[in-house]
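The values are calculated or read from the model by the stated rules, or taken from the named source; none is laboratory data. The structure presented is a predicted model; accordingly, all values stated were derived computationally and were not measured. Positions of Cβ are generated from backbone atoms using ideal geometry, with glycine treated the same way; all protein chains shown enter the neighbour counts.
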Amino acid sequence: MPSFGAHLRSLHRLAPANKDHVSAFRVAVSVAAPSLALLAAGRPELMIYAVFGALTGMYGRNEPHQLRLRHQGHAALLLVGGLAVGVFLSVHQLHSWALVVIETVLAAAGSLFADKVALKPNGPFFGILALGACASIPTTVHWHTAVLIGALSAGFSMAVGFGGWVRGRAWQRGAAREIPALRGARRRAAWIHAARYFTAVGAAGSVGVLSGSGHPHWAMAAAAVPLAGADMPSSVYRGLHRIVGTLAGLVVVAVVLFPWALSPLRAFPGHEAAVLAVLVIVLQFTTELFMTRHYGLAMVSFTPVILLMTQLAAPADPHVLVTERAVETLLGAGLGIVVVVLIRRRRSPGGPP
């Protein structure tokens, strides 16, 4: 296993570009259209549901159009399903231990589903992130309206992702071939992987609740990050990138939300919601631009995306928001790395990544 110094040096490596701007543009459009529509309707607090639905566009980035459409359909089920469960928990005010139990079980189930359909990005991370985030904010509309916003946003993302085929109309035969069933070694590997999600997410959520944190779901999401690595070194890399990238992203959040002279919110008094909405769109573009090249850099943008749209949905003390995000990320990512080391995943040819 590489030394700790080698893991730290990985923070400086930038993978080669691979048409990342194309995928980033698709995701930015997917986020921008429903977000600006809600802003124009005077309901910026509902952007969180639209953005989570729009994250469907992050899947299948370099795949042929018909395979991308299929995988984005699977991703939409994961994202909108997580969003719907989160809204249900919010409406019924089921927090703390109920959230931990439900999110832990669904993280394991989502892992099995993601491995079965070969989703990329790997794992159920964005689904459980949507679940926890939506459960943590008060629902200001009927539950079915919130879910409908997410579903329509996901559908729009799929249409954007398939738009290139309408222009070129090139159908690659066999691209959407059937994925092999989980049998034998692949099934064992998938169940071990699901057990790791169950252990890491459950442990992080439990510690978060016991510590008195108001956002245990952040620790649970952070614990899931290392588990998406293809092997132990890459899992540790992802955990370190998550920690360092999140801490750097919190500096961006502080610049925006803290009442400093350089905050862009002070430059446009009376238009704070519009400024936050535009920042979410721009930062989601840069997130996708670096997502496969350098996970840490992607987190510098994605951390503000999550916190700014949470602030739009349920304004809170930014100092508490930044502090708890830092603590929960350190806790969750650390536990995720420990689980990766303790519960080894068997790999086989054609097994889940």
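Laid out as a table, the results:
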quantity: Residue count for segment 48-99, restricted to those that are buried (at least 17 other Cβ atoms within 10 Å of the Cβ), in contact with a Ser or Thr (Cβ under 6 Å, 6 or more places away or on another chain) and farther than 15 Å from residue 27 by Cβ; calculated: 2
quantity: Scope segment 44-64; condition in contact (Cβ under 8 Å) with a residue 60 or more places away in the chain and of a type outside the set (A, V, I, L, M); matching residues; calculated: 44, 45, 49, 52, 53, 56, 57, 59, 60, 61, 63, 64
quantity: Single residue of 204, 200, 185 found to be over 30 Å from residue 316 (Cα atoms) and either modelled with pLDDT under 95 or crowded, with 20+ Cβ neighbours inside 10 Å (or both); calculated: 185
quantity: Residue under evaluation residue 102, criteria (1) closer than 24 Å to residue 219 by Cα; (2) assigned to a helix (DSSP H, G or I); (3) in contact (Cβ under 8 Å) with a residue 40 or more places away in the chain, criterion not met; calculated: (3)
quantity: Pairs with Cβ under 8 Å, 6+ apart, first in segment 210-230 and touching a residue at least 40 places away in the same chain (Cβ under 8 Å) and more than 18 Å from residue 338 (Cβ to Cβ), second part of a helix (DSSP H, G or I) and among the basic types (Lys, Arg); calculated: 215/325
quantity: Scope segment 211-234; condition in a helix (DSSP H, G or I) and buried (at least 22 other Cβ atoms within 10 Å of the Cβ); matching residues; calculated: 216, 217, 218, 219, 220, 221, 222, 223, 224, 226, 227, 228
quantity: Lone unmet requirement of (1) crowded, with 22+ Cβ neighbours inside 10 Å; (2) aromatic (Phe, Trp, Tyr); (3) touching a Leu at 6+ places or on another chain (Cβ under 8 Å) for residue 191; calculated: (1)
quantity: Residues of segment 291-309 satisfying the condition of being touching a His at 6+ places or on another chain (Cβ under 9 Å) and either free of Cβ contacts under 8 Å to residues at least 12 places away in the same chain or not hydrophobic (A, V, I, L, M, F, W, C) (or both); calculated: 294, 295, 296
quantity: Set 131, 94, 78: member being modelled with pLDDT under 95 and more than 25 Å from residue 42 (Cβ to Cβ); calculated: 94
quantity: Any hit, segment 133-140, residues being within 14 Å of the chain's Cα centre (by Cα) and either touching a residue at least 12 places away in the same chain (Cβ under 8 Å) or farther than 30 Å from residue 22 by Cα (or both); calculated: yes
quantity: All positions within segment 113-172 that are of a type in the set (D, E, K, R), closer than 27 Å to residue 186 by Cα and part of a loop (DSSP other than H, G, I, E, B); calculated: 120
quantity: Residue satisfying all of: in segment 241-281; assigned to a helix (DSSP H, G or I) and surrounded by fewer than 16 Cβ atoms within 10 Å (Cβ to Cβ); nearest to the chain's Cα centre (by Cα) among these; calculated: 248
